[in-house]
Amino acid sequence: MTADSEVGTSLTQASFTSTSTSTLAPQAKKALEKLARTHIWDSGSSQHTFILEENFISLRPYSGNGILGIGGKSTQPKATGTYKVHALVNGEHSFALLKDALWNPEAGVKLISISQLTAQGGRAEFCADLAAFWSGKELRMTAIQRSGLYFLDQGENSTLSSAALAAYSISDPRLQIWHNRLAHLSEQGIRQLMDMSTGIKSIQQVCLCKGCALGRLKQVPHKGEIRKGTRPLEYIHADISGHFHIEGYGGERYWAIFTDDFIQFAWISPIKNRSDFLSCPKSLLDTTERPERRCYNLHLDKAGENISAEVQAFCKNHGIALSITATEQHQQNGIAERLNGIILERLTATLASLNAEIPTKYWPILALSIIYLRTGAPAQ
């Protein structure tokens, strides 16, 4: 059993046996002390509830009904008033005043009611890990999500929330599935129901470690084959690279490359934006196609500019079959990706060896030269 589970068990037992801390086990006393310093944002609570009197700036007698504390125990608030809660907002310590809050020493937990905050004109926003409360345009409080609960951010150590997490947890993991099935019934309620009925039995759940599962994922090799070209220009691989860290003399930040699958001849076109990609195959085919030598296939990554309506219309009008890789599967366009790596490697080395003799803004001309020299160099 974990430390949090042990604390949770002690707190649950304490809430049903006695409200006097003198009768509690030392472990439960320590948990209650931590719990007294933790504020939880509660969307199910209809009214703010706090267990310490010291932070109230005004109090008046309470004459309403009792409320439920930890484990479902009925408790009676002693007073109601305005509570001053300290918070950490944008790295700075601040405070907020919560009106009509209950002082209930027997509640066992300090709850900030979201429904009461919004009823008084505020606005609460929740996301996966954080929450924020706004009063008009002013950010008043933030909260951090841990294990499904939102804890008020007060700049304190995260261990202060461990007792609260334990108090809201199921100490026996075999009962967790029934806790979920029975609308998050308390652990003691589940055990009582087990004695009152048949069919509710402890179920040992298999614990899947998400970290281990993700860490041991392996990508298998791509077994499918890409069609090969049988003559020049028949099958062309294309890709876009960038954003390059140096702006070219004409405003270029990217380049598009094209590789002939049959003869491995390559072309490069520096461009300003990725959206300028369509002009590159147009220019390439205008200068290289002949009646007896045409492009029939164009292979691209699944990027927005590559599968745009304009690119698809261009390929359709020219009788070119457009093949697209799967999402984030760059290996399916390996020829173009490898060429991009070669260009970037040689371009970076060339710029580093110039020693300011040529301004770096002329890198587009150097890229054209690199492709020209690569085409004439021997290859394996």
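Derivation of every value follows stated rules applied to the coordinates shown; laboratory data play no part. As the structure is a prediction and not an experimental result, all values here were calculated from the model. Quick reminder, even Gly has a Cβ in these numbers, built from the backbone with ideal geometry, and neighbours come from all protein chains shown.
Tell me whether the range 235-376 comes out rounded, prolate or oblate; compute the Cα gyration tensor, take square roots of the eigenvalues as a ≥ b ≥ c, and use a/c under 1.5 as the rounded threshold. It comes out prolate by the Cα gyration axes. Taking GluC sites (Glu not before Pro) across the range 277-380, the ones in a DSSP loop with at most 16 further Cβ atoms lying within 10 angstrom of their Cβ are 289, 292, 328, 357.
Which FRET efficiency, nearest 0.05, do residue 195 and residue 218 yield, Cβ-Cβ r, R0 41 Å? Walk me through the intermediate numbers first.
Values: r = 48 Å, r/R0 = 1.17.
Calculated value: 0.30.
Annotation for the range 89-143: trypsin sites (Lys or Arg not before Pro) lying in DSSP loop with at most 11 further Cβ atoms inside 10 Å of their Cβ are 137. Taking a straight Cα-Cα cut-off under 12 Å and skipping sequence neighbours fewer than 8 places away in the same chain, the aspartates and glutamates within cross-link reach of residue 228 are 260, 261. Under Stokes-Einstein, with the Kirkwood radius over Cα pairs as Rh, the value for the range 300-380 at 4 °C and 1.567 mPa s is 85 µm²/s. Taking other residues whose beta carbon is less than 14 angstrom from the beta carbon of residue 137, and scoring Lys, Arg as +1 and Asp, Glu as -1, yields 0.
Setting aside same-chain residues fewer than 8 positions from residue 302, which aspartates and glutamates have a Cα under 12 Å from its Cα? Result set, ordered by chain and number: 239, 328.
Shown here for the range 204-306: chymotrypsin sites (Phe, Trp or Tyr not before Pro) in loop regions (DSSP other than H, G, I, E, B) with at most 16 other Cβ atoms within 10 Å, namely 249, 262, 265, 296. Put the Cα centre of the range 289-316 next to the Cα centre of the range 336-367 and the gap is 27 Å.
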